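Heads up, the thing below is written out as C-alpha cells.
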C-alpha cells in the first residue's frame, strides 16, 4: 500500500470487562476492531515506518517517524493507532510521547511479530500491514466492528459466531515504483453491518484501496472459510479476509 489518509479517533477506556482502544476493542475473549480510517488523498504518511517499533534508547523510532515531517505529524499520530492495532497482539501496548503528550496505542491483531519485537519491518510484514490498514478504510469515516482473519491471525472463541458474514479479501502488491498498492474484492453479498459505508471492495468505492469487485475470479475459500487469492497461478501472500456482524432486522 502507498499511504492512508487521516484517521478518526474515538474514545479510549478500560474497565474490568473490556479494553477499548482507538478503533479497536477486545470484548471478553475475542479480538475485534472498529474500522474508520477515512478515505483520503493517499499522502506520504507511511513513508519511513519500517524502522523498529521500539528502541531501548531515548531515541524512540516510532515517535521519530511521527514527528519527522511536521506537515504529516497529525496524520501519522492518528494512523499510528491503526498501525499498532494491526501489528501488535492484545496486551502489547505501545506508548509514545509527542510534543510533551503521552499517547498509548493498543495491540489487537499481532500481524507483525518481527517489527513488534523491535526489529525493522520485513517486506512480508509491510504487505500484510498494508492489507490490514486497507481493511480498516471507510470512505464515510464510519466506525463499524470487523473481524480480520487469515494466516497467522488468531481467531478467539466466539469470534466466528459473532462475525459470521464474509465480506471480502484485502491484499497488497508491489506497484513497480517501490511502494505497495492495496486491493480488495467482495464476497458473495449477504446483508451485514457496515454494508452502507464499507465500499472499498467495489470498483471506485475508495481512493485508498483499489476495489476489484467479486472475489470469484481470483480467490477461493479455504477449509477455514478464508480467502486464498492468486495472480497468474501464483498465490498472493498476506491476504486478509474480513468478516462482519449480520445486519439486525429492523
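Each reported figure results from applying straightforward, stated rules to the coordinates on display, with no laboratory input. Keep in mind that what you see is a predicted model, and the values were worked out from it rather than measured. Note that each Cβ is placed from the backbone with ideal geometry, even for glycine, and that neighbours are counted across all protein chains shown.
The table below gives the values:
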quantity: Share of Cα-Cα pairs in the stretch 85-182 lying beyond 18 Å, as whole percent; calculated: 56 percent
quantity: Inverse of mean 1/r across different Cα pairs in the stretch 96-250, Kirkwood, Å; calculated: 16.4 Å
quantity: Ranking of 198, 149, 247 by count of other Cβ atoms within 10 Å, fewest first; calculated: 247, 149, 198
quantity: Sequence of 143, 81 once ranked by neighbouring C-beta atoms within 10 Å, starting from the fewest; calculated: 143, 81
quantity: Relative contact order (%) - criterion: Cα under 8 Å, at least six apart; region: the stretch 102-226; calculated: 23 percent
